[in-house]
Amino acid sequence: MTDIITTQATATAAASGAAATERFRTRQSEDAPAADTKRVDTLATELITAVHDIVRRHQVTYAEYDVLKSWLIQVGEDGEWPLFLDVWVEHVIEEVASENRAGSKGTIEGPYYVPGAPRFPADATLPMRDDEEGAPLLFQGQVTSVDGSPLAGATIEIWHADNDGYYAQFAPGLPEWNLRGHVTADDQGNFKIRTIEPAPYQIPTDGSCGNLIAAAGWHAWRPAHLHLKVSAPGHQLITTQLYFQGGQYVEDDIASAVKPELILAPAPVADGDGNQVTYDFVLDKA
Ligand code: MBD
Ligand code: FE
């Protein structure tokens, strides 16, 4: 009995990993692309050959091979493949995907996006608990096209961690849509979102990604960040994140997802609590 209560009340790698894996599977089954044999041949062959090269170059032993094998099995059992891939691989996928974009910078999506968040008009307060901790943040801006025209009715999806670094639906005890919302900009593309500043995010230390980080002597942290998906009809959706100037780990993100264009410098609100910042989004045409 005590065990059950403890398990449910504590954020674990296995629980957040299982949720992230399930979330990804749901999305992938809806729009899985067809595989091209030639492409799979090329990519799989080069990946396998790269592994062979590493084994030869570093004289990898049977003992090390067996550690790798059990670690790979464990990543799956912990449900941490989404976490592993998004932390150590996705930033290069995003770099390649956005090479030819002229509008606002994007960055990785990460494992914790959930579609279908509650909708709000252009002046919005994100769902949060009555006693939600963290400095209030007023995040506002305008969405325009690369040609400068305002994008009326653009949508801004936003999701972020709370003041303890936890995401709703991936950690226990949080309201389902806490700090998640889908905001529709006004007829000038303007939006105003009231929320709280998130805390830095620590990769779970009790799972296989945490084991790797500890074994390699790395740190397990991402800087505090807001996640966003910004879109408008006839334009390319951008998935991005925004960080906080001077914040811990901004210069040293475990997921390598910080870009200079994505760093906010909020200023104290003159006649109230917390900080405010303006950030505009420019979308490329579709
Ligand atoms: C996160 O919150 C995140 O944004 C990424 C990319 C990886 C792990 C946790
Ligand atoms: Fe995140």
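The table for this structure:
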read-out: Cβ-defined net charge surrounding Ala154, 15 Å radius [Lys, Arg +1; Asp, Glu -1]; value: -3
read-out: Max mean-square fluctuation residue, GNM over the chain, Cα-Cα springs under 10 Å, options Leu72, Leu174, Leu137; value: Leu72
read-out: Nonlocal amide H pairs with Leu179, under 5 Å, H built at 1.01 Å; value: Met128
read-out: The chain, relative contact order [Cα under 8 Å, separation at least 6], %; value: 22
read-out: For Thr125, residues with placed amide H under 5 Å, excluding near neighbours; value: Arg194
read-out: Hydrodynamic radius (Kirkwood) for the chain, which is based on Cα pairs only, to one decimal in Å; value: 20.7
read-out: Members of Lys229/Lys259; Lys259/Lys285; Lys105/Lys192 lying beyond 24 Å, as alpha-carbon distances in this model show; value: none
read-out: Computed [θ] at 222 nm, helices only, for the chain once each DSSP H run of length n ≥ 4 contributes -39500 (n - 2.57); value: -10000 deg cm²/dmol
read-out: Placed amide H near Ile263: partners under 5 Å, 5+ positions off or other chain; value: Tyr243
read-out: Selected from His160, His235, His52 as most flexible by GNM, with the chain as the system and alpha-carbon contacts under 10 Å; value: His52
read-out: Percent of beta bridges antiparallel (DSSP, the chain, rounded to nearest 5); value: 65
read-out: Given charges at beta-carbon only (K, R positive; D, E negative), |dipole| of the chain in Debye; value: 540
read-out: Under Karplus coefficients 6.51, -1.76 and 1.60, residue-wise ³J(HN,Hα) of the range 134-142 in Hz, glycine/proline x; value: x, 5, x, 10, 9, 10, 9, x, 9
read-out: For the range 211-271 and the range 77-148, distance of Cα centres in Å; value: 9
read-out: Heavy-atom accessible surface of the chain: percent carbon and sulfur, 1.4 Å; value: 55
read-out: Estimated dipole of the range 21-93 in Debye, rounded to 20 [Cβ of Lys and Arg +1, of Asp and Glu -1, Cα centre]; value: 220
read-out: Accessible solvent surface per residue of the chain, calculated while the other protein chains remain in place, 1.4 angstrom probe, Å²; value: 55
read-out: Dipole of the range 1-125, positive direction: furthest Cα of Val75, Ala63, Thr125, with charges on the beta-carbon; value: Thr125
read-out: The range 142-286, dipole about Cα centre (Lys/Arg Cβ +1, Asp/Glu Cβ -1), debye to the nearest 20; value: 240
read-out: Estimated distance in nm for a label pair at Asp273 and Arg25, the labels positioned 7 Å out from Cα along Cα-to-Cβ; value: 4.1
read-out: Rounded to whole Hz, the Karplus (6.51, -1.76, 1.60) HN-Hα couplings of the range 114-131, x for glycine and proline; value: 10, x, x, 5, x, 8, 9, x, 4, 10, 10, 10, 5, x, 8, 6, 4, 10
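The values are calculated or read from the model by the stated rules, or taken from the named source; none is laboratory data. Predicted model, so just to flag it, every value in this text is computed and none were measured. When we count neighbours, we look across all protein chains shown, and the Cβ atoms used for this are built from the backbone with ideal geometry, even at glycine. What goes into the accessible areas is simple: the full protein's heavy atoms, side chains included, and nothing from ligands, DNA or RNA. Shrake-Rupley method; radii C 1.70, N 1.55, O 1.52, S 1.80 Å.
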